[in-house]
Amino acid sequence: MKTIGFIGVGKMATAIISGIDKTKFNILISGRDLTKTEEQARSLKVSSAASHTELVKNSDLVILSVKPQVLPSVMTGLVSTLTRDKTLISIAAGLTLADLKHLSQSENQPIIRIMPNINAQIGKSTSAIVKNEFVNDEDYAVARSIFESVGTVHEVAEKDFSTFTALAGSSPAYIYMFIDALSRAGVLHGIPKETATKIVAETVQASAEMILQSGENPWSLVDKVSSPAGTTVAGVVSLEQNRFVGNVIDAITATIEREKQLN
Ligand SMILES: NC(=O)c1ccc[n+]([C@@H]2O[C@H](COP(=O)([O-])OP(=O)(O)OC[C@H]3O[C@@H](n4cnc5c(N)ncnc54)[C@H](OP(=O)(O)O)[C@@H]3O)[C@@H](O)[C@H]2O)c1
């Protein structure tokens, strides 16, 4: 049975560990503070390691789940323990395979980069995956299956990771804003906020499901619900006059540019 080690046990690692089938993998965790890590291990029903180096020695795949700004110092402490048979998995936003190779101080370390999103907390992450040439098929399949246990996994070329991060990593915030805006309109017109939010969230969920199930282009669905001289087309035209599509695209472009500035 493969052992999966997590360095850093915050929101994302906790969501992933909660989703993993623990009859298929041994799970080992190592955090910043041993007493806290031991408590987390008890509550997650996994094992804790006394140090990051002990974790690496005892793991087949190591998931680096600390914040991107902490990762370089964590990696520095691991370098002497890293061997060719350990596959490193980073979920850190903005750190490329080349950055991770540099931090591992090895020419041939197997490294996988994965970008999950916040929906991992409810088992519905939309994640991207890319690997370097040193990762074997077995460990790649294991990495995929770990993230498939908390949602879907898309193979994405590394050049597209920033765009994916904007479309799937940051977009939940924009979708929450959209839901809140619709709900607030409901409040303006007399429906209590809590009820309006539930109505809108259910409608957003079902509309997304409709796109996925029907395979139809979203614009053809817009046309289908817009009757001639009807109510919906009045709203559609109002959104267009206020640059709805252009504003959304500008937000995604700003997100991608910001990520590049952080690198
Ligand atoms: N959350 C998301 O939606 C999301 C989405 C995509 C990718 N990610 C990536 O996932 C990674 C983790 O994010 P998160 O949201 O889970 O952050 P988080 O909740 O802040 O978790 C980070 C964890 O790392 C621990 N930590 C700090 N310094 C450490 C050290 N030296 N050694 C070991 N552990 C240490 C922290 O412990 P203390 O709390 O005790 O300091 C904390 O438990 C990040 O790289 C982020 O870019 C997150």
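Every read-out reported here was derived from the displayed coordinates using simple, explicitly stated rules and does not represent laboratory data. Since this is a predicted model, take the numbers as computed values, not measurements. Please note: Cβ atoms are built from the backbone with ideal geometry, for glycine as well, and neighbour counts cover all protein chains shown.
From the Kirkwood radius over Cα pairs of segment 3-156, Stokes-Einstein at 20 °C and 1.002 mPa s returns a whole-number translational diffusion coefficient of 141 µm²/s. The GluC sites (Glu not before Pro) found in segment 7-109 that occupy coil by DSSP, while having at most 13 further C-beta atoms within 10 Å, are GLU107.
Close amide H pairs (under 5 Å, H built 1.01 Å from N) link GLY5 with LEU28, ASP60, LEU61, VAL62, ILE63, residues at least 5 positions away or on another chain. Straight-line reach from LYS22: taking Cα to Cα under 17 Å and skipping same-chain neighbours fewer than 8 places apart, the lysines in range are LYS2, LYS45.
Please report the antiparallel percentage of the DSSP beta bridges confined to the chain, to the nearest 5.
The answer is about 15 percent antiparallel.
Using θ = phi - 60° in the Karplus curve 6.51 cos²θ - 1.76 cosθ + 1.60, the 3J(HN,Hα) couplings for segment 181-198 round to 5, 4, 5, 5, 4, x, 5, 4, 9, x, 9, x, 4, 4, 5, 4, 5, 5 Hz; x is entered for Gly and Pro. Here the chain is treated with +1 on each Lys and Arg Cβ and -1 on each Asp and Glu Cβ, and its dipole about the Cα centre works out to around 600 debye.
Ordering ALA50, TYR174, ILE7 by Cα displacement along the dipole of the chain toward the positive end leaves ALA50 in first place; charges were set at the Cβ atoms of Lys, Arg (+1) and Asp, Glu (-1).
Cross-link check: pairs LYS86/LYS260; LYS24/LYS131; LYS57/LYS159 evaluated at a Cα-Cα cut-off of 25 Å; pairs beyond the cut-off: LYS86/LYS260; LYS57/LYS159. Converting the Cα gyration tensor eigenvalues of the chain into ellipsoid dimensions via √(5λ) gives semi-axes, longest first, of 41, 20, 17 Å. Principal axis extents of the Cα atoms in segment 1-67, from largest to smallest and rounded to whole angstrom, are 27, 23, 22. Diffusion coefficient (Stokes-Einstein, Kirkwood radius over C-alpha pairs, 4 °C, 1.567 mPa s) for segment 134-184: 97 µm²/s, rounded to a whole number. One equal scatterer on each Cα of segment 34-110, no solvent, Debye formula: the resulting log10 I(q)/I(0) at q = 0.13, 0.18, 0.19, 0.27 Å⁻¹ is -0.40, -0.75, -0.83, -1.40. Under the convention that each Lys and Arg Cβ holds +1 and each Asp and Glu Cβ holds -1, the size of the dipole of segment 163-262 around its Cα centre is about 200 debye.
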